[in-house]
Amino acid sequence: MLKLQMKTWLDDKGVRDAVRQAVAGRGGKPSPLFRAAVDVQVTAQRSMRGGRKQVDDVGDMSAQQRKAGRVRQSKRKRFTRSVPSRPGTPPNVDTGGLKASIRAALDSNKRSAVAGPTVKFGRLHEFGGHIRVTAKMRGYLAWAYGWHLRKDKAVIHMPARPYMRPALDKAKPRLKRYFAKLPLASTPAGRRLNSRKGRQNAT
């Protein structure tokens, strides 16, 4: 009768540490978490397009509005402004401020990543909401855009035009590729595991 003995070992904590360090980018490659967040960022930015332009007579504007340069004039003395996108679709690009503000970043412990806008009105576009009309707002809209709100208009309803949630849904099938073939052996924890494995084999 032939009797065989096999000795195995598994360092659960060591493996978890190696995975955590590889995901955080400590394996000699960029963090897959950050790369995944950048994918969502770029997808959201690409979903925002220049909308149809509404053309109005320049005579409808005051001299102060024309001088402010908040609208683009043509040789025909006309000016254009972007038309909002349909509710439920990503917002159209007007000034480009929202699109440019979308960023991706890792948290301080590099265990999670985030992608989203840095401007305050980014959340309003994503989820919609209500804006209380103030005297200052009335004056600004009339001066900058020629919009004269009714006197009884106290609240403006902003419909949701989500762009981050659809971007995440669209990017999800691609995100797993960033975590394939993690460089576990190149992390400090991975090197410790391989060193321990060598010692175990030697005995």
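What follows draws every value from the coordinates through simple rules; no lab data is involved. The model shown is predicted, which means the values in this text are computed figures rather than measured ones. Backbone-built Cβ (ideal geometry, glycine too); neighbour counts: all protein chains shown.
Values as computed for the structure displayed
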item	result
Tally, over the stretch 129-138, of residues that are assigned to a helix (DSSP H, G or I) and surrounded by 13 or more Cβ atoms within 10 Å (Cβ to Cβ)	2
Unmet criterion (only one of (1) of a type outside the set (A, V, I, L, M, F, W, C); (2) free of Cβ contacts under 8 Å to residues at least 24 places away in the same chain; (3) over 25 Å from M48 (Cα atoms); (4) surrounded by 11 or more Cβ atoms within 10 Å (Cβ to Cβ)) for R192	(2)
Which listed residue, of L149, L168, L141, L175, is in a loop (DSSP other than H, G, I, E, B) and of a type in the set (A, V, I, L, M)	L149
Positions within the stretch 94-111 being in contact (Cβ under 8 Å) with a residue 40 or more places away in the chain, surrounded by 12 or more Cβ atoms within 10 Å (Cβ to Cβ) and not β-branched (V, I, T), in sequence order	D94, L98, K99, R103, A104, A105, L106, K110
Given (1) touching an Asp or Glu at 6+ places or on another chain (Cβ under 7 Å); (2) assigned to a helix (DSSP H, G or I), index of the condition P162 fails	(2)
